[in-house]
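The values are calculated or read from the model by the stated rules, or taken from the named source; none is laboratory data. No experiment lies behind these values; they were computed from the predicted model shown. Ideal geometry is used to build each Cβ from the backbone, glycine not excepted, and the neighbour counts take in all protein chains shown.
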Amino acid sequence: MRRGLAKLDSSGRDRVRANLRMCFVCATLLSGVQSVAEAAADNLKGYSVRPPAPGPHAVAAASVNTDHSQRFAPVTRFIESTLREKGVSGAGMLIIDKQGQTVYERYFGDWDAQTAVPIASASKWFAAATLLTLVDAGLVGLDDRVERYLPEFRNNGKKSEITLRHTLSFTAGYKPHDSIQDDPNLTLADVVRRVAGMDLLRDPGTAFIYGGLQMTIAGRIAEVVTGKPYRTVFQERLVQPLGLTNTRIANMRGRNPRDLAFDSPNPLVPGGVVTHVDDYRKFLLMLLNDGVYEGRRVLSPLAVAEMKKDQTRDLPVLRSIQEDDSYHYSLGGWYRAVGAAAGGAIISSEGALGTTSWVYRDAGYGVVFMTFARAGRMKEFSWRLKDMVTEILNGKIVSYATPVREVRFAATDMSAPETVARALPPRA
């Protein structure tokens, strides 16, 4: 450089030096701008701005490659407002794609990714998956009659026609719940023997009655075909293969979520799971990848397809907790048909204590929102949250949603077959 400058006269050399100084200043300024941009990105407080990797089932993938901090800002504000209004101390939310890339992750209040809480009926997905691992292993058939494994159902009228599929889709005909499920001193065998003596509200396969009592039958079948307690089956067939670090199942004494008996021989199969967001992430990834997690097959593609299938279709609904009849049921989760652009169907599993999770059947995205609130406080919130996220993933700009009101579920006498327990507000 000095030799080149020597060939110039003094004025030329001055001009070159001035230009070089100007280049240095510009480079410094650009470096500063870049540092500011990087700092701003670091201050997004939990957002991940990595776009989901493209895939054959992506929902409006191009629209998701935008600034998530702005796109999901209405979701963040909606959650913050609802938590304040309901007096809930914290929550966590995660959206991932099938490659495991984080689309959105945020924690509120006193929560983090390892905050473990009871998830109530969001446990039903876990129960269905556990039983389907046994179907995959050839230990039981999805359409086998339960009398094949449980002698108390043999020669027992219409109850002899109940199948495993019925128990996982709440079409076996039983009432929703019984207090014997909440007694930690009973065994699952004790409970099912009593269930076998109860009257049916409808013949098997003829009506949908949402609850949990029917799923205890499935849990007992798992014990019979493996020779192990359900709690052990749950650990060996689902928790360990997925590498879940803090996921367990308990009995909920008197339906009190703060009084859990983890060593009970009567685990609450449809509602007793305690877990956290990090573990739920792994479960969602397994569902999104047709039963495979980190190269290990946990469920067969056929089993996952059954979990994403409308199992109840046009059956009469005797009891539901959803806002309208667009919700049907799969195995352990709700099924709601949506347009092809929105993923074909939303398959969800939701709990009364505030946890809600879902996957888009054809789209390759999974979502979990987890909190711990009084039963029913977050129900309408979960409906609106699902709508907002679906629109954002499809490239729509959504505005901040207004706070939601609390949905209270009246105690319902299900002894009368004609009783319908859906006193829910219509969709806005």
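Key figures for this structure:
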item: Selected residue [in contact (Cβ under 8 Å) with a residue 60 or more places away in the chain, closer than 21 Å to residue 214 by Cα and of a type in the set (D, E, K, R)] from 313, 253; result: 253
item: Selection from the stretch 361-380 of residues that are touching a Leu at 6+ places or on another chain (Cβ under 8 Å) and closer than 19 Å to residue 102 by Cα; result: 363, 364, 365, 366, 367, 368, 369
item: Residue list for the stretch 247-257, filter: modelled with pLDDT under 95 and surrounded by fewer than 21 Cβ atoms within 10 Å (Cβ to Cβ); result: 253, 254, 255, 256
item: For residue 152: the one exception among (1) surrounded by fewer than 24 Cβ atoms within 10 Å (Cβ to Cβ); (2) in a loop (DSSP other than H, G, I, E, B); result: (2)
item: Of all residues making up the stretch 132-152, the number that are under 12 Å from residue 218 (Cα atoms) and in contact (Cβ under 8 Å) with a residue 60 or more places away in the chain; result: 8
item: Residue in the stretch 274-295 that is more than 25 Å from residue 93 (Cβ to Cβ) and either surrounded by fewer than 22 Cβ atoms within 10 Å (Cβ to Cβ) or more than 17 Å from the chain's Cα centre (by Cα) (or both) present; result: yes
item: Failed condition for residue 231, given (1) in contact (Cβ under 8 Å) with a residue 60 or more places away in the chain; (2) buried (at least 21 other Cβ atoms within 10 Å of the Cβ); result: (1)
item: Residue in the stretch 181-212 that is farthest from residue 253 (Cα to Cα), counting only those that are touching a Ser or Thr at 6+ places or on another chain (Cβ under 9 Å) and aliphatic (A, V, I, L, M); result: 207
item: Condition broken by residue 117, with the remaining ones in (1) over 27 Å from residue 252 (Cα atoms); (2) modelled with pLDDT of 95 or more satisfied; result: (1)
item: Candidate set from the stretch 158-184 (those that are in a loop (DSSP other than H, G, I, E, B) and among the hydrophobic types (A, V, I, L, M, F, W, C)); member that is surrounded by the fewest Cβ atoms within 10 Å (Cβ to Cβ); result: 162
item: Residue satisfying all of: in the stretch 269-310; basic (Lys, Arg) and in contact (Cβ under 8 Å) with a residue 12 or more places away in the chain; nearest to residue 242 (Cα to Cα) among these; result: 282
item: Residue in the stretch 88-107 that is surrounded by fewer than 21 Cβ atoms within 10 Å (Cβ to Cβ) and in a helix (DSSP H, G or I) present; result: no
item: Test: residue in the stretch 376-396 that is in contact with a strand residue (DSSP E or B) (Cβ under 7 Å, 6 or more places away or on another chain), modelled with pLDDT of 85 or more and assigned to a strand (DSSP E or B); result: no
item: Residue in the stretch 231-241 that is assigned to a loop (DSSP other than H, G, I, E, B), within 26 Å of residue 94 (Cβ to Cβ) and modelled with pLDDT of 95 or more present; result: no
item: Subset tally (residues that are assigned to a loop (DSSP other than H, G, I, E, B) and in contact with a His (Cβ under 9 Å, 6 or more places away or on another chain)) for the stretch 112-127; result: 5
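Every residue, every condition in (1) of a type in the set (A, V, I, L, M); (2) assigned to a loop (DSSP other than H, G, I, E, B), yes or no:
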| residue | (1), (2) |
| --- | --- |
| 129 | yes, no |
| 133 | no, no |
| 140 | yes, yes |
| 186 | yes, yes |
| 199 | no, yes |
| 202 | no, yes |
